[in-house]
Amino acid sequence: MKMKIVSRARLLIATVLDAAGAFSYRSAGARIALACVSATLISLGAPIGAHAQSAKQNAASTTASASPKDEDLQEIIVTGTRDPQATASASLSPISVVSASELAATGAPDLLDTLVDLSPSIERTSVAPSYGNNVEKVIMDGLPSDNTLILLNGIRRHTTATISDDGGPEQGNAPSDLGLFPSSAIDHIEVLTDGASAQYGADAIAGVINIILKNNDHGMEFATNNGIYAAGDGFTTDTTWNAGFKLFGSGFLSLSAEYLHEDHTYRVNPDERSGPPPTTINHYFGNPLEDKETVSYNAGIDLSESVQLYSFATYAARISTQFQYWRPPSYFPQVYPNGFEPQTAENEHDYAATVGLKGTARGWDWDVNGTYGNDHTRFITSDTVNEGLYDDTGSSPTTVHNGDYGDSEATADVNIRRSFDVGLAGPVVFAFGGEYRYDTYTLGAGEPASYYDGGTQGSGGFTPQVAVTGAHRDVKAGYIDLALEPIEHLKADLAGRYEDYSDAGGKPTGKVSLRYDFTPAVAIRGTVSNGFRAPSLAQDYFASVGTTPQGDNGQLAVNSPGAKLLGAQPLKPETSTNFSAGLVLHPVDKLTATIDAYQISIKNRIVIGGVYSGEKAIAAYALEGLGINPGVNPNNVTVQYFTNGVDTQTRGLDLALKYVTEFDGGYRVNWNAGANFSHTDIQRIGDDLNGNPLVNAQFASFITTATPSYKVTFGPNLTAGKWDVNLHEILWGPTKTLQQYNAGPNAFSETVFGVQDNQSRFQTDLQVSYKVTDWATLAIGATDLFNEEPTRLPAIFSYAGVIKYDYYSEQMNINGGFYYAKFQVKF
């Protein structure tokens, strides 16, 4: 009976919010939806001193339970401001802080899933059946992942070399990967949900995530987390370690390591080609098999009373394998009489290191640092065959090297800051600095057997014609920032930046933020800014061809002869204009609420477009020296390229609530709630040089309706003596995508699509922990406790009826309930 009441209550809430969202988005006057409540506040700060952490030393931050304190709002932040005394509660922009204990309390299998659970503004792609499936990339406010800048200790993090090459909203993006450093190294995370290109440079159109590393000089902690999904697959074990040491008496050295193993998950229906009735399980759709080892250090030492040497570095090795579509016995019995499932593997090595000096001279704070980051991935396909090679020579290897991606960034930064007392209500903080960056990109060719005559099944190799060596660019930037309080209760921040790319030109950007506190209980804030994002080198140069049982699909480099045949034009930078306005309320002690509305307009947005199929696509491939697989229906051969295809406008509203209740006996409840409502409209769709639209109706749906129209979170955390209970509820709003038909008269059409409506869904996360001793804690928990699942995909949209859910939708995770137990010791 209780379960029925809960289900009916959930249905009522979802129905009301669906109606509210539909009404608000159809209204001519207001496309910004009404919001409910936002779950965790996450905060951000400035490059100068960011590596020095917050004012609060946190040598013991990771626990198996979450106990966020009201005092967290008074913690010094280092993102989104140059003011060394800025706090989250007094910030001029929407900022929230997530502690390591809050991260641990979710029990999510990776850092990105944790942020998705905690922040209403963040989503992720649930699964992508292609290369890049395991890249942990942030989708903020419904904008693509390469519009959110990732910082580590306030320093720009390098991007992944692995570009998303499958269909969907994230196709073509290669952002920073959140999974390539130990989670045990994290002290806290600051999240700025406001445009910050003028402060940090390109890529900060949607916002900034700043990950602050621990700086403990003593103590050790070890934790292990083991779990499995409700379906009985995807066993995961995650072991983390951190220890702090004093360094030469005055310094610190914090070392961290993590080992993660995740088994495959399979969210599929039986393959219709094996029936009737269908019996074969096609393992194509689900999480890859992954083994990952990461290590890091964070260190600092005082060279004198006014100068500190600091350094931090990360290294990651990751091997992942995922299945491709099953080929039945009739497909190629000469080699595989019982059928076969190709497997594509990624062998990735990623590393980054920063070294810097910071100090104070004559009242000026200064910081000089250099960073080098590199990501390299080798691709292997096994259990495969090259049909053309076998027909011509009588043999074919079954394991091939398909090629390599490589990406690097070398950055040098200089930051200078000083506070002046000029007789205003508060000191004036003046900051300026510069940056130089050198980016490279490589795309290495595979072995000949991987690309000969159409390539191997599962994934064709990169040919010498599309290989890229020596692609590089220089980026130069300078900025100036002024934070002041001209009159009592009024704060202002003005930032300006000029950034010049050797391949994309220069662009000035600016940001003006204001905040006025009417009383300690009521404040208003607002920001106007502009930004830009240059095309990534991967978007300029990437090309590939994928092979499936039903046909070939791929993309060409935008400046290649084949793309030019299809009407491609050179890529230009994206430009954005951001507006936000908000209200900060602190009506009673231990209660804080924020309401922030925003509008982000992007011109010349870079998307995958220019879709051609049939003979035109085959001709474009031929100009690149690429063939198609023998026997493929020419009508099911498609090709596309990256293009400045659309102008978009995203409008939304964030609302956050945080409250603390304390009871006799030491009981304490931390209440967190929040919501994000957002919607994106397409303002313009461009044409290629052949006069055809650059974006078809399907990709337009990826931009406008593939992310939830709203996301609501609610989570009380109860602390009672040795017990800690963390409950977290998420309501995912509906999404809608257009799907390609896989059967019937419109099969594989690029102009006629079917509608997939993904209904709103509830997700319940629960963790209960018990402190066995002062140094040991046990916890059990679940994410998606009741094993909810997304809306099922009709068979007409799924090749051979295999795929169970809409992987274009960026809603709840497809894997269902995950149940775990963890143990932590801390000294």
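Extension gain for His218 to Asp392 (0.36 nm times residue separation, less C-alpha to C-alpha distance): 56.1 nm. To the nearest 0.05, how large is the calculated FRET efficiency for Phe786 and Val355 if R₀ is 41 Å and r is the Cβ-Cβ distance? For R0 = 41 Å, the calculated efficiency reads 0.25. Got a sec? Charge dipole of the range 111-204, +1 on Cβ for Lys and Arg, -1 for Asp and Glu; which of Thr114, Tyr200, Asn173 is way out at the positive end? The one lying farthest along the dipole's positive direction is Tyr200.
In this simple spin-label model, placing a label point 7 Å from the Cα along the Cα-to-Cβ direction at both Lys736 and Ala622 gives a separation of 4.2 nm. The GluC sites (Glu not before Pro) of the range 245-339 that meet both conditions, a loop assignment by DSSP and at most 16 other Cβ atoms within 10 Å of the site Cβ, are Glu305. For the chain, the Cβ-based charge dipole about the Cα centre amounts to some 1640 debye (Lys, Arg positive; Asp, Glu negative; other atoms uncharged). Selection among Ile150, Asn402, Tyr259 by position relative to the dipole of the chain gives Ile150 as farthest towards the positive end (Cβ unit charges, Cα centre). Setting aside same-chain residues fewer than 8 positions from Lys722, which lysines have a Cα under 30 Å from its Cα? Within the straight-line limit of under 30 Å, Lys722 reaches these lysines: Lys2, Lys56, Lys69, Lys214, Lys590, Lys658, Lys771, Lys822, Lys826. Compute the angle between helix 2-26 and the longest alpha-carbon principal axis of the chain, please, reported from 0 to 90 degrees and rounded to the nearest 10. For 2-26 against the chain, the angle is about 90 degrees. With P(r) over Cα pairs in 20 Å bins from 0, in percent in mind, check [x] 11, 29, 32, 19, 8, 1; [y] 14, 43, 32, 10, 1, 0; [z] 16, 51, 30, 4, 0 and report the label derived from this structure. The listed entry that was calculated here is [z].
Each residue, Tyr770 and Ser311, gets one label point 7 Å from its Cα in the Cβ direction; the gap between the two is 4.6 nm. With each label modelled as a point 7 angstrom along the Cα→C-beta vector, the Ser330-Thr751 pair spans 3.2 nm. Here's the picture: charge each Lys and Arg Cβ at +1 and each Asp and Glu Cβ at -1 in the chain, and of Gln740, Asn604, Leu357 the one pushed furthest to the positive end of that dipole is Asn604.
Measuring between their Cα centroids, the range 274-324 and the range 693-722 lie 24 Å from each other.
Of the chymotrypsin sites (Phe, Trp or Tyr not before Pro) found in the range 674-716, not one falls in a DSSP loop while having at most 15 other beta-carbon atoms within 10 Å.
Assuming a ≥ b ≥ c are the square roots of the Cα gyration tensor eigenvalues, decide whether the range 143-204 counts as rounded (a/c under 1.5), prolate (otherwise, with a/b larger than b/c) or oblate.
Working: a/c = 2.07, a/b = 1.25, b/c = 1.65.
Oblate, since a/c reaches 1.5 and b/c is not below a/b.
Take the alpha-carbon centre of the range 563-609, take the same for the range 783-819, and report the distance between them in whole Å. Between the Cα centres of the range 563-609 and the range 783-819 lies a distance of 28 Å.
Multiplying the sequence separation of Gln759 and Ile796 by 0.36 nm and subtracting their Cα-Cα distance, what value in nm do you get? Write down the numbers at each step before the final one.
Working: separation 37, 0.36 × 37 = 13.32 nm, distance 1.86 nm.
Full extension from Gln759 to Ile796 adds 11.5 nm.
Per residue, the solvent-accessible area of the range 89-215 (1.4 Å probe, heavy atoms of protein chains only, all protein chains present) comes to 10 Å².
Counting other Cβ atoms within 10 Å, keep those with at most 12, restrict to DSSP loop, and tell me which trypsin sites (Lys or Arg not before Pro) in the range 283-385 are left.
Working: sites: Lys292, Arg318, Lys358, Arg362, Arg378; in loops: Arg362.
Those that pass, being in a loop and sparsely packed, are Arg362.
The values are calculated or read from the model by the stated rules, or taken from the named source; none is laboratory data. Computed from a predicted model, the values in this text were never measured in an experiment. Please note: Cβ atoms are built from the backbone with ideal geometry, for glycine as well, and neighbour counts cover all protein chains shown. With ligands, DNA and RNA removed, areas are computed over all heavy atoms of the protein, side chains included. Shrake-Rupley method; radii C 1.70, N 1.55, O 1.52, S 1.80 Å.
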